[in-house]
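The values are calculated or read from the model by the stated rules, or taken from the named source; none is laboratory data. What you are looking at is a predicted structure, and each value in this text was computed from that prediction instead of being measured. We place every Cβ from the backbone using ideal geometry, glycine too, and count neighbours over all the protein chains shown. Each accessible area value is taken on the protein alone, full model and side chains, heavy atoms only, with ligands, DNA and RNA left out. Shrake-Rupley method; radii C 1.70, N 1.55, O 1.52, S 1.80 Å.
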Amino acid sequence: MSLSPPGPNLVSSWEALADGLQVQRLVLHLPQLREQLTTPPCGIALFTHTLPSALTVHPAERVEPAAEAVIDRAGLQHWLRLPAEYGTTGTGTNPLAASADQVVDTLLVGVTDPFVRAEVAAVCSASAWWVGAFAVIRHLGVHHASLQPVDAVITLETLESATSVVALGTAQRVLAEHLRTAG
């Protein structure tokens, strides 16, 4: 007996909604992001010991088409496309990349499949860019609850912690999709 493929469940529906809202927020703030990267305002210390442009360096991870197909099926194609398109070029690496790499190392202990490793490394590396990009545009808005302007300093440790959480979430989505479709 053949079962038809199940429709989207509640979790995947919420993920799709959250993804759309993230992409929408980023696209709405692209002019401000570009402005902050080209001419940061004087007198505003948003980051301790980190330039805003360092937080948005292109992710280093490139994936093979077979690995990218799993990422696409997980609904995260935008997760790689937008950092590749809007990331800054620089000689260094994103200071948040080490936090993303730690997630990869923790999740993939003993995993030797190069496609699985590439899939997880790519979305985790892109997670560092996303956290950095939102941190750069953060002060241009207002606090979500109080509607007061946000002007506080963001520490690198805070951004590293956020990167770890975001990387873990995206890695879990890719691994779940890989397991769901693996033979």
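Structure summary
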| item | result |
| --- | --- |
| Tally, over the range 72-125, of residues that are not in a helix (DSSP H, G or I) and not β-branched (Val, Ile, Thr) | 12 |
| Which numbered condition residue 181 misses (of (1) at pLDDT 85 or above; (2) loosely packed, with under 14 Cβ neighbours inside 10 Å) | (1) |
| Pair list, Cβ < 6 Å and 6+ apart or interchain, from the range 106-123 residues that are touching a residue at least 60 places away in the same chain (Cβ under 8 Å) to residues that are among the acidic types (Asp, Glu) | 121/61; 122/61 |
| Long-range neighbours under 7 Å by Cβ, at least six apart or interchain, first residue part of a loop (DSSP other than H, G, I, E, B) within the range 46-57, second open to solvent by less than 20 Å² (accessible area, probe 1.4 Å) and at pLDDT 70 or above | 46/154 |
| Extreme residue, most open to solvent (accessible area, probe 1.4 Å), among residues of the range 51-70 that are acidic (Asp, Glu) and at pLDDT 75 or above | 64 |
| Restricting the range 72-125 to residues that are touching a strand residue (DSSP E or B) at 6+ places or on another chain (Cβ under 8 Å) and modelled with pLDDT under 85, the residue that is surrounded by the most Cβ atoms within 10 Å (Cβ to Cβ) | 88 |
